[in-house]
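What follows is a single structure, written as C-alpha cells, with notes after it.
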Amino acid sequence: MHSEMEMIRCSIMRGGTSKGVFLLETDLPKDKELRDKMILQIYGSPDLRQIDGLGGADSLTSKVAIIGPSTREDADVDYTFGQVSITDAFVDYGGNCGNISSAVGPFAIDHGMVAPVEPVTKVRIHMTNTGRILTAEVPVYKGKAKVEGDFSIDGVPGTGAKIVMDWSDSVGGITGSLLPTGKAKDVIEAGGAKYTVSIVDAGNTVVFINAADLGITGVETPVQIDENGPLMERIEEIRGKACQMIGLVKDWREAKKVTPYQPFFAMVSKPSDHKCFNGVQIGAEDVDVVSRLTFMLKMHKAYPITGTVATAPPQD
C-alpha cells in the first residue's frame with residue numbers, strides 16, 4: 001500500500017438498475033463530516049467525470065451504501081444510503097434507494113453479518129435514513145448469495161438471481177404520512193401558472209403531475225427532457241415549492257442544494273405507443289400508465305424502485 005494512502009475495504013455492487021460502493025460502517029470515521037469527506041474522495045467528487053475515484057460520472061452510479069450491525073432488535077443490519085453529488089461536495093442522506101437496497105441482503109450474507117439459510121435467506125434491513133424496516137428474500141447457494149438466475153429487469157442486460165423485497169413498512173418514512181399535505185391533490189403556482197399535483201410518501205416522497213400540464217406528451221426520452229431548459233426550470237420550481245409545502249425546506253429555492261435527491265418528480269400520462277430510449281417498442285396495451293421521473297435535477301434513466309412504490313395503485 002502507498003505510504004500516503006489509507007486502506008478502506010469496499011465492495012462495488014449493482015443493485016437493480018443502479019451501482020454503488022458498499023462500505024462497512026466500522027471502517028469509516030465516526031465523525032460525520034470526516035466520513036463524508038472520505039466518501040467524496042472515494043467517488044472522486046465533485047467532478048463531472050469523477051476521474052479520480054470510483055464514481056461512474058452518472059447519478060445512477062454515484063451511490064453509497066454504509067452497512068453496519070443492527071441497532072434494532074427487529075433488524076439484522078443497519079443500512080444508510082447516500083446519494084453522492086457529482087457537482088458539489090455533498091452527500092444526500094434524505095431518502096432511500098430501492099435499487100441499491102436490493103444488494104444489501106447479498107452483501108450482508110457474503111460478509112458474514114447474516115447467517116445463510118438455503119434456499120432463501122430473509123434479511124431484515126433497518127433503513128437508518130427513514131427508520132423503517134425493509135425485508136429482502138435472498139436466494140442462497142453454498143453459503144453465499146446467488147448471482148446467477150433467470151430473472152430479468154428492464155434497464156439491465158442479461159439475467160440474474162431474483163430478490164424479493166417487502167416495502168410495506170416504508171409508507172410515511174420521510175414525512176410521517178402517506179399524503180404529507182393530508183390531501184390527495186394540491187395546487188402549486190409556478191411561473192405564473194397553477195399546477196395540480198399529488199405528493200405521496202411511500203418508499204420516497206414523489207411529486208406527481210399530469211405530463212400534459214407541462215406541455216409534453218409524457219413519452220419523451222431522458223435526453224429530450226434534460227435538454228429542455230425551460231421545462232427543467234419549471235419542474236424544479238414546482239418540486240421546490242412542494243418541498244416547502246411538506247416542510248423539507250423553509251424556502252423553495254433552497255431545495256436544489258438542500259434536498260436534490262428527493263422528492264422525486266414524476267410526469268404521468270395515459271398509455272400510448274412509444275419507443276424507449278434503449279430502442280424497446282412499447283404498445284399502449286402493454287401498460288396501465290406511463291411515467292417519466294426526475295431525481296438529482298436530471299431524468300432518471302430507469303424508473304426507481306422507491307418511485308415505483310409510490311406510483312403503484314393500492315391493492316385490495
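The values are calculated or read from the model by the stated rules, or taken from the named source; none is laboratory data. Model, not experiment: these values are computed from the prediction. Counting neighbours? That spans all protein chains shown, and the Cβs are built from the backbone with ideal geometry, glycine included.
Within segment 228-247, residues that are at pLDDT 95 or above sit with their Cβ atoms under 7 Å from residues that are acidic (Asp, Glu) and in a helix (DSSP H, G or I), at 6+ positions apart or across chains, in these pairs: Met232/Asp226. Considering segment 147-161, and only residues there that are free of Cβ contacts under 8 Å to residues at least 24 places away in the same chain and among the charged types (D, E, K, R), the residue that is surrounded by the fewest Cβ atoms within 10 Å (Cβ to Cβ) turns out to be Asp150. Every condition in (1) in contact (Cβ under 8 Å) with a residue 24 or more places away in the chain; (2) farther than 20 Å from Met296 by Cβ; (3) in a loop (DSSP other than H, G, I, E, B) holds for Ala212 except the one numbered (3).
Given Thr71, Thr87, Thr80, which one is among the β-branched types (Val, Ile, Thr) and out of contact with any Asp or Glu (no Cβ under 8 Å at 6 or more places or on another chain)? Give the steps one after another, and end with the answer.
Details: Thr71 fails: out of contact with any Asp or Glu (no Cβ under 8 Å at 6 or more places or on another chain); Thr80 fails: out of contact with any Asp or Glu (no Cβ under 8 Å at 6 or more places or on another chain).
Every option except Thr87 fails the conditions.
Pull up segment 162-182, narrow it to residues that are touching a Lys or Arg at 6+ places or on another chain (Cβ under 8 Å) and in a helix (DSSP H, G or I), then point me to the one that is surrounded by the most Cβ atoms within 10 Å (Cβ to Cβ). Spell out how you get there, then give the answer.
Start the filter on segment 162-182 by keeping residues that are touching a Lys or Arg at 6+ places or on another chain (Cβ under 8 Å), which leaves 169-170, 173.
Okay, now just the ones that are also in a helix (DSSP H, G or I), so 169-170.
Values: Asp169: 16, Ser170: 24.
Only one residue tops the list, namely Ser170.
On the basis of being among the hydrophobic types (A, V, I, L, M, F, W, C), modelled with pLDDT of 95 or more and in a loop (DSSP other than H, G, I, E, B), does Val147 make the cut? Considered against the rule, which asks whether it is among the hydrophobic types (A, V, I, L, M, F, W, C), modelled with pLDDT of 95 or more and in a loop (DSSP other than H, G, I, E, B), Val147 comes out as yes.
Within segment 38-56, is there a residue that is touching a residue at least 60 places away in the same chain (Cβ under 8 Å), out of contact with any Phe, Trp or Tyr (no Cβ under 7 Å at 6 or more places or on another chain) and small (Gly, Ala, Ser)? For segment 38-56, residues touching a residue at least 60 places away in the same chain (Cβ under 8 Å), out of contact with any Phe, Trp or Tyr (no Cβ under 7 Å at 6 or more places or on another chain) and small (Gly, Ala, Ser): absent. Screening Ser152 against (1) under 16 Å from Phe22 (Cα atoms); (2) modelled with pLDDT under 95 leaves a single unmet condition, (1). Inside segment 190-216, can you point out the residues that are modelled with pLDDT under 95 and surrounded by fewer than 17 Cβ atoms within 10 Å (Cβ to Cβ)? Of everything in segment 190-216, those that are modelled with pLDDT under 95 and surrounded by fewer than 17 Cβ atoms within 10 Å (Cβ to Cβ) turn out to be Gly191, Gly192. Of the residues screened, Gly68 is one that is modelled with pLDDT of 95 or more and within 13 Å of Met127 (Cα to Cα).
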